[in-house]
Amino acid sequence: MKKYYLMAPGPTPVPSNVLLAMAQPMIHHRTPEYEALFIEVRAGLKRLFQTSQDVIPFTSSGTGAMEAAVVNTLSSGDTVLVLRAGKFGQRWEEICATYGITVIPLEAPFGETVAPEAFARALREHPGAKAVLMQHSESSTGVLHDVKGIAAVTRSTGAILIVDAVSSLGIADLPMDAWGIDLVISGSQKGLMLPPGLGFCALSEKAWRKTKSSTLPKFYFSLADELKYVAKNEVRFTPAVSIVVGLREALRMLEAEGLGNVFKRHDRLARATRAGVEALGLELFAKAAPSPAVTAVAAPKGLDSEQIVAAYSRSFNITIAGGQGEMKGKLFRLGHMGYVAEFDVINALAALEQVLAEIGQPVDFGASVRAAQKIFAEKS
């Protein structure tokens, strides 16, 4: 028997108390019991998003929330700026192209980022741009983009800033109101420690004004219609009831730990993972600011990274992730977000040493674990 470990960048492990909460008998979504549940979840989501605005939940993936952000604030023929430096930056482009929106990409090589100054320049060159779309944590490359800096240059323009926080919400600090972010989207299956199935959108007053002029078609994803129900602690359509029950439990866990401590924990796990990887002579794929959610590692020269992914699974029953799209075969990714603690990282690094040895790579056994333990010993 080999114990299973999920160390991929989403979905992530679900805590046992969350699983038990979701296993309770089903409740109806138009009852006082569900209303009480939703009141607590509604308040908790505001605190998690660090906003005074309501957070609109959908039964969807994070990509559904991305599409909702686009179709509710933009119109066909609009021009937008997109930070393209990974697979999910490309997804913003694909969604916009589907709806006839003109995309001006601000590109960086995968593993790199785009500086706020480039956005300031592009906004001057394209004063009619309606929005800037970006990821906070680009989980395909392991890079954390500078949302705070880019928000500072969009705030005084007519463009809204739309941020995909699927792999950063509850992982890295993202104070929506304080930074002046106009629309934050996320999903349930990463920092929120839940199964996939919920998407979220939170809009600033500036973004809500944009919804009034948007002419793109929407029915299920109509944010204005959803808000009317959320304001009454009701739901427009049948929700994923069991996941919402789990969400209440997950929000309680995050609040008990304290958001500041949650962010510190993820930073410590990420620093330890990076230290362990580099102690084995491997190269980090992210050349810019690394994400606290996931560590992307370049494959050793001449080696297909899918061999590493497969060996983790075959030999140790550990699921990690490989590269996506053009990065397939070039990198592997170790997730350390959500319900993850120090010894999960130790296990993943110890297994990496044995995986590398199994596929014929030179290994200094214990080096990665020692490096990680030194980080954990700092307790900061």
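Filtering segment 221-263 to residues that are in a helix (DSSP H, G or I), open to solvent by less than 20 Å² (accessible area, probe 1.4 Å) and of a type outside the set (Asp, Glu) leaves Leu223, Val230, Val241, Val244, Gly246, Leu247, Ala250, Leu251, Leu254, Val262.
Would you say Ala118 is in a helix (DSSP H, G or I), more than 21 Å from Thr141 (Cβ to Cβ) and of a type outside the set (Ser, Thr, Tyr)? It would help to see each step written out before you state the result.
On the way: in a helix (DSSP H, G or I): yes; more than 21 Å from Thr141 (Cβ to Cβ): no; of a type outside the set (Ser, Thr, Tyr): yes.
Considered against the rule, which asks whether it is in a helix (DSSP H, G or I), more than 21 Å from Thr141 (Cβ to Cβ) and of a type outside the set (Ser, Thr, Tyr), Ala118 comes out as no.
Quick one: how many residues across segment 313-329 are of a type in the set (A, V, I, L, M, F, W, C), farther than 20 Å from Leu349 by Cβ and open to solvent by 20 Å² or more (accessible area, probe 1.4 Å)?
Our first condition is that a residue be of a type in the set (A, V, I, L, M, F, W, C); within segment 313-329, this holds for 316, 318, 320-321, 327.
Restricting the remaining residues to those that are farther than 20 Å from Leu349 by Cβ gives 327.
Add one more test, that the residue is open to solvent by 20 Å² or more (accessible area, probe 1.4 Å), and what stays is none.
Adding up the residues that qualify gives 0.
Within segment 117-169, being small (Gly, Ala, Ser) and surrounded by 24 or more Cβ atoms within 10 Å (Cβ to Cβ) holds for Ala131, Ser137, Ser139, Ser140, Gly142, Ala159, Ala165, Ser167, Ser168. Scanning segment 104-115 turns up no residue that is surrounded by 17 or more Cβ atoms within 10 Å (Cβ to Cβ) and more than 27 Å from Pro290 (Cβ to Cβ). Among residues of segment 106-124 that are farther than 27 Å from Val297 by Cβ, those with a Cβ under 6 angstrom from a residue that is hydroxyl-bearing (Ser, Thr, Tyr) and open to solvent by 20 Å² or more (accessible area, probe 1.4 Å), sequence gap 6+ or separate chain, pair up as Leu123/Thr157. Per the conditions (1) closer than 22 Å to Ala341 by Cβ; (2) outside any helix (DSSP H, G or I), the sole criterion not satisfied by Leu269 is (2).
Condition check ((1) part of a strand (DSSP E or B); (2) under 22 Å from Ala172 (Cβ atoms); (3) in contact with a strand residue (DSSP E or B) (Cβ under 9 Å, 6 or more places away or on another chain); (4) open to solvent by 30 Å² or more (accessible area, probe 1.4 Å)) across all residues:
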residue	(1), (2), (3), (4)
Arg47	no, yes, no, yes
Ala65	no, yes, yes, no
Val70	no, no, yes, no
Ser76	no, no, no, yes
Val80	yes, no, yes, no
Leu83	yes, yes, yes, no
Gly89	no, yes, yes, no
Glu94	no, no, no, yes
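If Ser16 satisfies all but one of (1) in contact (Cβ under 8 Å) with a residue 24 or more places away in the chain; (2) out of contact with any Cys (no Cβ under 6 Å at 6 or more places or on another chain), what's the number of the condition it fails? The one condition Ser16 does not meet is (1). For segment 170-179, the set of residues classified as open to solvent by less than 50 Å² (accessible area, probe 1.4 Å), out of contact with any Asp or Glu (no Cβ under 9 Å at 6 or more places or on another chain) and assigned to a helix (DSSP H, G or I) consists of Trp179 only.
Do we find that Glu342 is in contact (Cβ under 8 Å) with a residue 12 or more places away in the chain and more than 26 Å from Lys379 (Cβ to Cβ) in this structure? So Glu342 fails the test.
The values are calculated or read from the model by the stated rules, or taken from the named source; none is laboratory data. Given the structure is predicted, the values throughout are model-derived calculations rather than measurements. Neighbour counts run over all protein chains shown; Cβ positions are idealised from the backbone, glycine included. Ligands, DNA and RNA are stripped out before the accessible areas are found, and what is left, the full protein with its side chains, is counted by its heavy atoms. Shrake-Rupley method; radii C 1.70, N 1.55, O 1.52, S 1.80 Å.
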